[in-house]
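Since every read-out is calculated from the coordinates, none of them should be taken as a lab result. Please read these numbers as outputs of a predicted model, since none were measured by experiment. Cβ: placed from backbone, ideal geometry, glycine included. Neighbour counts: every protein chain shown.
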Amino acid sequence: MSPRADACRVLTPLELAGALTLIWVLILRLFRRNIVAFWLAALPGVILHEMTHWMVAFATFGRPGFPRFIPNKMGNAYALGRVPIHNPRWFNGALIGLSPLLLMPLAYAVIVYGTPWRFSWLGGWQFILMPLIAAECLLECIPSRPDLRLVSLSAIPLGIVGVMAYLFWLR
């Protein structure tokens, strides 16, 4: 294959979807200066973020409350959503707090399984929508400070249980 032919290579659909995801991430980051525009742009990701908290809290008996998606000013920052957890315990705090990390494999699955394998006019909407959903997942997959505070409730007990399990496994 000549160097000229290699330079003119066409992107595969997955490469195009990955590039469009990065472009969407950059576009969505531009809205950070205006809270109303940012809230509207980030709302699908905020819903996904809070629903991961809700589902993991429900599965681990954390008794989640009704999720709220109205922005609240907290000091210098805004909280775009929240899910009250009525039963945080040592065994579920870390799982609930780190649950937004589940959005990373979701973003991967959306790109890999949601992108069509061939270019067509009928599938064109998928080349716009799937990278947007993946970008929302990637922007909202980072746990917030209140999430990390919830993780700290169970870090020491889970660390002790982990060390005990490791020592038991060595024996």
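Compute the Kirkwood hydrodynamic radius of the range 90-171, taking the inverse of the mean of 1/r over all pairs of distinct Cα atoms, and give it in Å to one decimal.
Taking the inverse mean of 1/r over all distinct Cα pairs, the range 90-171 comes out at 15.3 Å.
Rounded to the nearest whole Å³, what is the per residue volume of the convex hull around the Cα atoms of the range 29-82?
82 Å³
How far apart, in nm, are the 7 Å Cα→Cβ label points at Gln126 and Met55?
Modelled inter-label distance: 2.1 nm.
Just to confirm my numbers, what's the Cα centroid distance between the range 129-170 and the range 45-120 in Å?
Between the Cα centre of the range 129-170 and that of the range 45-120, the gap is 12 Å.
Could you give me D for the range 12-170, from Stokes-Einstein at 25 °C and 0.890 mPa s, where the hydrodynamic radius is the Kirkwood radius over C-alpha pairs? Units µm² s⁻¹, please.
Calculated translational D: 142 µm²/s.
With a bin width of 5 angstrom, please list the P(r) values of the range 50-112 as percents of all Cα-Cα pairs, from the 0 bin to the one holding the largest distance.
4, 18, 22, 19, 19, 13, 4, 1
Using the 2.2 N^0.38 Å rule of thumb for compact globular proteins, work out how the range 1-98 stacks up: its C-alpha Rg over that value, please.
Relative to the 2.2 N^0.38 Å estimate, the range 1-98 comes out at 1.59.
Which of the chymotrypsin sites (Phe, Trp or Tyr not before Pro) found in the range 34-133 are in a DSSP loop and have at most 11 neighbouring Cβ atoms, other than their own, within 10 Å?
Phe61, Trp117, Trp121
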